[in-house]
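First comes the structure, then the notes that go with it.
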Amino acid sequence: MNDDRIFAHLTVMSDARGLFEHADGRQPRLEHGYCTDDNARLLTIASLHDDVGAPHELSRLALRFVRDAQMPDGSTRNRMDIEGRWTDPPTTEDCWGRGLAGLGNAAAHHDNPTIRKWAMRGFERGARQRSEWPRAMAFAAIGAAEVAAVSPVHSGARALLRDAIESIGPLPTSGSWCWPEPRLRYANATLAEALIAAGTVLGDRRALQQGLDMLSWLLGLEMTPGHLSVVGHFGRGPDDDGPDDDGPQFDQQPIEVAAMADACWRALRVTDDSMWARGIAAADAWFRGENDLGLTMFDEASNGGYDGLHADRINENQGAESTIAYVTTTYRAAQMQRVG
């Protein structure tokens with residue numbers, strides 16, 4: 001599949017300002033506007049492709065949006081309406097972290113040196129901030145790890161990685177719950193990936209091992225016989241928390257599957273252990289019908305990803321987050337095949 005085909009629905013979901021957040025079927029819901037979260041995700045995946053065609057256009061669109069979302073102090077706004085007005089105050093919540101993930105990936109991987117330069121400036125501005133939220137710190141750490149991989153002495157990236165390790169925190173000292181939080185919530189595998197990335201870059205073996213242990217435990221929890229069954233929209237606690245914590249859970253979100261694919265790809269690169277290749281393959285297969293309902297989670301005609309897997313049906317809207325999750329997962333599966 002060529003890159004224009006891969007990004008076809010994301011092109012439909014975009015205009016001159018940025019990537020729209022929500023869709024009604026295949027059509028963008030203009031009234032809901034845009035968000036930095038999704039434009040940052042778009043910046044990441046577009047920067048990993050050759051700088052031609054749709055990735056060329058979309059990476060520049062996303063970079064402009066993410067940089068415009070930043071304040072001079074590095075905090076970040078998330079929501080813009082259809083008229084181009086920012087509608088929320090700047091924060092260091094998830095949009096800040098995802099912005100740094102996108103900027104860090106673009107600074108490290110984009111083909112164009114000018115794009116890399118401007119992305120690095122945005123990363124360095126945002127990296128001066130810190131968030132009280134572990135997931136925001138984990139998202140930011142993903143970008144910081146990419147910057148540090150190409151610039152090993154980058155003090156801002158390394159400091160951010162050290163602080164992300166502290167923010168995520170240690171595992172419980174007893175019991176079978178191998179997670180630093182009392183419940184699994186969203187983008188769960190990203191917490192493990194951030195520790196793997198930070199531990200690798202900093203030479204912190206304890207952080208690296210904790211990340212691998214967390215990811216192994218999470219993958220084991222979400223792998224049912226024959227397919228991946230990710231944590232549902234309302235999260236999951238230990239078995240004795242309540243009946244709703246038994247699997248399978250719904251509404252399953254494509255972003256959970258993509259987070260697993262990303263984390264397993266990083267773990268595979270670090271360890272060369274085939275168990276992580278199986279995790280990537282299971283994530284890819286989830287979109288292709290190997291899930292709890294046996295239903296395909298993308299639209300072959302549009303190349304859009306469906307918004308969720310309910311207990312009895314698919315949410316057939318093809319929003320930005322879900323489409324990027326599908327595109328990202330298939331990209332990781334293709335990478336695995338190339339190195340396999």
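The values are calculated or read from the model by the stated rules, or taken from the named source; none is laboratory data. Everything numeric here is computed off the predicted structure, so don't read it as measured data. FYI the Cβ positions are ideal-geometry reconstructions off the backbone, even for glycines, and counts take in every protein chain you see. Areas reflect the complete protein model, heavy atoms only, side chains present, ligands, DNA and RNA absent. Shrake-Rupley method; radii C 1.70, N 1.55, O 1.52, S 1.80 Å.
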Checklist outcome for this item: Going residue by residue through the stretch 189-198, the Karplus relation 6.51 cos²θ - 1.76 cosθ + 1.60 with θ = phi - 60° gives ³J(HN,Hα) values, rounded to whole Hz and with x marking Gly or Pro, of 5, 5, 4, 5, 4, 4, 5, 4, 5, 5
Checklist entry - Using a simple charge model, +1 on the beta-carbon of Lys and Arg, -1 on the beta-carbon of Asp and Glu, nothing else, what dipole does the chain show about its Cα centre, in debye to the nearest 20? => result 1420
Next on the checklist: With the crude spin-label approximation of a point 7 Å out along Cα→Cβ, what separation in nm comes out for residue 73 versus residue 273?
Outcome noted: 4.2
Checklist entry - If you add up the charges near residue 68, with Lys and Arg at +1 and Asp and Glu at -1, over every other residue whose beta carbon is less than 11 angstrom from its beta carbon, what do you get? => result +4
Item to check | Förster radius 30 Å - calculated FRET efficiency between residue 339 and residue 217 (Cβ-Cβ, nearest 0.05) | outcome: 0.75
Checklist entry - What is the gain in length, in nm to one decimal, between residue 300 and residue 128 on full extension, counting 0.36 nm per residue of separation less the C-alpha to C-alpha distance? => result 57.7 nm
Checklist outcome for this item: Between the residues 301, 110, 275, the Cα farthest towards the positive end of the dipole of the chain, that dipole coming from +1 and -1 charges on the beta-carbon of Lys, Arg, Asp and Glu, is from 110
Item to check | Computed label-point distance, nm, for sites residue 111 and residue 186 using a 7 Å Cα→Cβ extension | outcome: 3.4
Next on the checklist: Please report the accessible area of residue 298 (heavy atoms, 1.4 Å probe, ligands and nucleic acids excluded) in Å², nearest 10.
Outcome noted: 30
Checklist entry - Where does the charge balance sit around residue 277 when Lys and Arg score +1, Asp and Glu -1, over other residues with C-beta under 13 Å from its C-beta? => result +2
Next on the checklist: Give me, ordered by chain and number, the residues 5 or more places off residue 224 or on other chains with an amide H under 5 Å from its own placed amide H.
Outcome noted: 229
Item to check | Cα gyration tensor category, rounded, prolate or oblate, for the chain with a/c compared to 1.5 | outcome: rounded
Checklist entry - Rounded, prolate or oblate: which fits the stretch 77-204 when a ≥ b ≥ c are the square roots of the eigenvalues of the alpha-carbon gyration tensor, with rounded for a/c under 1.5 and prolate only if a/b beats b/c? => result oblate
Item to check | Using θ = phi - 60° and Karplus 6.51 cos²θ - 1.76 cosθ + 1.60, couplings along the stretch 154-160 (whole Hz; Gly, Pro as x) | outcome: 5, 5, x, 5, 5, 5, 5
Item to check | GNM top mover of 301, 101, 187 - the chain, alpha-carbon springs below 10 Å | outcome: 301
Checklist entry - Between residue 16 and residue 85, what length comes free when the chain is fully extended (0.36 nm per residue of separation minus the Cα-Cα distance, one decimal in nm)? => result 23.4 nm
Checklist outcome for this item: So for the stretch 3-159, using the alpha carbon gyration tensor with a ≥ b ≥ c as root eigenvalues (a/c under 1.5 gives rounded; past that, a/b versus b/c decides prolate or oblate), I'd call it oblate
Checklist outcome for this item: Stretched fully, the stretch from residue 227 through residue 209 gains (0.36 nm per residue minus C-alpha distance, one decimal, in nm) 3.9 nm
